[in-house]
Each structure stands twice: as C-alpha cells, then as structure tokens.
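The values are calculated or read from the model by the stated rules, or taken from the named source; none is laboratory data. Note that the structure is predicted; figures quoted are calculated from it, not measured. Positions of Cβ are generated from backbone atoms using ideal geometry, with glycine treated the same way; all protein chains shown enter the neighbour counts. In case anyone asks, the SASA skips ligands and DNA or RNA and just uses the protein heavy atoms, side chains included. Shrake-Rupley method; radii C 1.70, N 1.55, O 1.52, S 1.80 Å.
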Amino acid sequence: MSISSTHICQAADQLQGFVGFNAKTGQYLLRFSEDSFGLDVPAETITPTCEYVWSADEGELMRLDRQRLAWLQEQRIDDRVNLSEPLRVYLRRSDLPEIRAERRRLTPA
C-alpha cells in the first residue's frame, strides 16, 4: 500500500498528548494530560499534539511541520504519542516539500 498525503494528514490528526511551552526553561514539553504541566507552562501555550505539528502558512493554508514532528520522534515514545508509519515516511522523505493544506483546527477529544 502506498502512503499518500491524505494518509499522512490523517496520521497527524491522530497524534496523542499535549505540547506546552515552559517559559522558565524556554523548551517545549510533551505531556499526556493538560493538568500535568505545572506553573511554568502558561495555559495558553498548551495545545493538542495533533495541532502542534501544524504551522500557519500563507492565507488559509497550514503546513505539516517536519521539525515539530522530528521533535516528537526524538522523544522516543512513538507508540504512546501515536507516531505512526505514514508520519515516519513523511519525516524520511525530506526530498519532498512539506505538506500544505487548508484545514480547520480540531477540537480536543
């Protein structure tokens, strides 16, 4: 089965967890509950991981950010965060441009 951009986008929308920015250390943190970040992570920086991997682009477009996906992969918790094969293929294929898509923010489940 070949992996299409549709499969990659669907896999991105299935990522688990939350990402928040720690103002004290200047680093992003990955947690699996919104309540587990602590006081050094302002609530307005906490976003579902499936939204964190998308960056604003031109107009209504968003791009699936390889750098943010690579950061998730560096955490080495692929199963827990649900980093599936379509996303690993997308990371390996740096010879292709990043996916750009018109999309709406998903609401957290």
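A few points about this structure:
- Criterion (of a type in the set (Gly, Ala, Ser), at positive phi and either touching a helix residue (DSSP H, G or I) at 6+ places or on another chain (Cβ under 6 Å) or open to solvent by less than 30 Å² (accessible area, probe 1.4 Å) (or both)) met by exactly one of Gly17, Gly26: Gly17
- Residues (in contact with a strand residue (DSSP E or B) (Cβ under 7 Å, 6 or more places away or on another chain) and open to solvent by less than 50 Å² (accessible area, probe 1.4 Å)) located in the stretch 35-56: Phe37, Val41, Thr45, Ile46, Thr47, Pro48, Thr49, Tyr52, Val53, Trp54, Ser55
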